[in-house]
Amino acid sequence: MFADLAAVPGVAESTLSSDVAESLPDSAPPAPWYCTSSGIVWWLRGSGVRSSSVAALLPGGRPVVAIGGMISYRTTPVGPYHEVFGGVGLLAGRAVDVTIPFMAVDSRDSVVGGRQNWSLPKVLASFTGSPEAARMTAAGDGWTVAVTARPVTPRVPMRMSGRVVQRWPDGSVRAATLRGRGRARVAVVNVAATSSVGDMPSWLRPGRHVGALLSDVRFELPAPS
């Protein structure tokens, strides 16, 4: 099983080490997962994706936007945990799909669940801060991401719906449609990112970006097909 989990495609920052793999539980709850969360997300042009290591991992479509996120989960099938991710928005016809080549959490159960259920390349990291404080940091094996957010609009209701498309270890491509709702405030997000193991900062670039502070988010992520 550990060999299958380690084979999930991802960037260098999402490499699952043998030490961590050996410490993981044997299984995690299957999809669908129903979750509640809050978070900080941001967007930037996808031009850096094309010249980075991420380009070889894309499951198809033209990269148009890079997406970052720092999430605090209150309820999930494996309990509360924190998450950082870097995704790419891919133009597929008139729609934009999202693929996630970088993801880290502070829950071993979530590492297993993400890799088994959706081929999400989760690894372990440590976290400080919270979306409520508009400040979060994540630190993993050779990399860091830190964000602060300044809201510039009132909080408004939002709906979420989009396809998460991942490449699997056997080379197949499968998609799951995330659906949810919550509240959001447009924000200016300042991002700092470093890596000594890969080129994550070249596509999830540091700097000031347009983003949002999310609260009271409830969503479902079903099994992919």
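The values are calculated or read from the model by the stated rules, or taken from the named source; none is laboratory data. From a predicted model like this one, the values you see are computed outputs, not experimental measurements. Here Cβ is always computed from backbone atoms with ideal geometry, including for glycine, and neighbour counts include all displayed protein chains. With ligands, DNA and RNA removed, areas are computed over all heavy atoms of the protein, side chains included. Shrake-Rupley method; radii C 1.70, N 1.55, O 1.52, S 1.80 Å.
Got at least one residue in the range 176-187 being within 18 Å of residue 63 (Cβ to Cβ) and in contact (Cβ under 8 Å) with a residue 40 or more places away in the chain? If you could, list the steps in order and put the result at the bottom.
Filtering the range 176-187 down to residues within 18 Å of residue 63 (Cβ to Cβ) leaves none.
No, every residue in the range 176-187 fails to be within 18 Å of residue 63 (Cβ to Cβ) and in contact (Cβ under 8 Å) with a residue 40 or more places away in the chain.
Sort out which residues of the range 37-62 are under 26 Å from residue 137 (Cα atoms) and touching a strand residue (DSSP E or B) at 6+ places or on another chain (Cβ under 6 Å), and write them in order of number.
Result: 37, 38, 39, 40, 41, 42, 43, 44, 46, 49, 54, 57.
Just to check your reading of the model, which residue among 195, 172, 130 is in contact with a Phe, Trp or Tyr (Cβ under 6 Å, 6 or more places away or on another chain), over 19 Å from residue 33 (Cα atoms), of a type in the set (Ser, Thr, Tyr) and open to solvent by less than 70 Å² (accessible area, probe 1.4 Å)? Working first, answer last.
Numbers: 172 fails: in contact with a Phe, Trp or Tyr (Cβ under 6 Å, 6 or more places away or on another chain); 130 fails: in contact with a Phe, Trp or Tyr (Cβ under 6 Å, 6 or more places away or on another chain).
It is 195.
For the subset of the range 93-118 comprising residues that are of a type in the set (A, V, I, L, M) and touching a residue at least 40 places away in the same chain (Cβ under 8 Å), which member is nearest to residue 26 (Cα to Cα)? Lay out the reasoning, then the answer.
Initially, the range 93-118 is screened for residues of a type in the set (A, V, I, L, M), giving 95-96, 98, 100, 103-105, 111-112.
Those left that are additionally touching a residue at least 40 places away in the same chain (Cβ under 8 Å): 95-96, 98, 100, 103-104, 111-112.
Details: 95: 37, 96: 34, 98: 28, 100: 24, 103: 20, 104: 19, 111: 11, 112: 8 Å.
Only one residue tops the list, namely 112.
If you check every pair at least six apart or on different chains, which have Cβ atoms under 8 Å apart with a residue in the range 119-131 that is in contact (Cβ under 8 Å) with a residue 12 or more places away in the chain and within 29 Å of residue 59 (Cα to Cα) first and a residue that is basic (Lys, Arg) and surrounded by 24 or more Cβ atoms within 10 Å (Cβ to Cβ) second?
Within 8 Å, the pairs are 121/115; 122/115.
Taking the conditions exactly as written (touching a strand residue (DSSP E or B) at 6+ places or on another chain (Cβ under 6 Å), open to solvent by 50 Å² or more (accessible area, probe 1.4 Å) and more than 18 Å from residue 30 (Cα to Cα)), does residue 179 satisfy them or not? Spell out the reasoning first.
Numbers: touching a strand residue (DSSP E or B) at 6+ places or on another chain (Cβ under 6 Å): yes; open to solvent by 50 Å² or more (accessible area, probe 1.4 Å): yes; more than 18 Å from residue 30 (Cα to Cα): no.
No, not satisfied.
State all residues of the range 138-157 that are surrounded by 15 or more Cβ atoms within 10 Å (Cβ to Cβ) and farther than 17 Å from residue 208 by Cβ; if no residue qualifies, say none.
We begin by selecting, within the range 138-157, every residue surrounded by 15 or more Cβ atoms within 10 Å (Cβ to Cβ); these are 138-141, 143-149, 151, 155.
Of everything in the range 138-157, those that are surrounded by 15 or more Cβ atoms within 10 Å (Cβ to Cβ) and farther than 17 Å from residue 208 by Cβ turn out to be 138, 139, 140, 141, 143, 144, 155.
Which residue out of 85, 102 is open to solvent by 20 Å² or more (accessible area, probe 1.4 Å), part of a strand (DSSP E or B) and modelled with pLDDT of 95 or more? Even if it seems obvious, please write down each step before you answer.
Details: 102 fails: open to solvent by 20 Å² or more (accessible area, probe 1.4 Å).
After ruling out the rest, the residue left standing is 85.
Looking only at the range 149-200, how many residues end up being closer than 15 Å to residue 131 by Cα and basic (Lys, Arg)?
Number satisfying all stated conditions: 4.
Taking into account only those residues within the range 13-67 that are among the hydrophobic types (A, V, I, L, M, F, W, C), in a helix (DSSP H, G or I) and more than 26 Å from residue 106 (Cβ to Cβ), which is least open to solvent (accessible area, probe 1.4 Å)? Even if it seems obvious, please write down each step before you answer.
Within the range 13-67, the subset among the hydrophobic types (A, V, I, L, M, F, W, C) is 16, 20-21, 24, 28, 31, 33, 35, 40-44, 49, 54-58, 64-67.
Now drop any that are not in a helix (DSSP H, G or I), which leaves 20-21, 49, 54-57.
If we keep only those that are more than 26 Å from residue 106 (Cβ to Cβ) as well, we get 49, 55-56.
Working: 49: 0, 55: 43, 56: 91 Å².
Taking the candidates together, the pick is 49.
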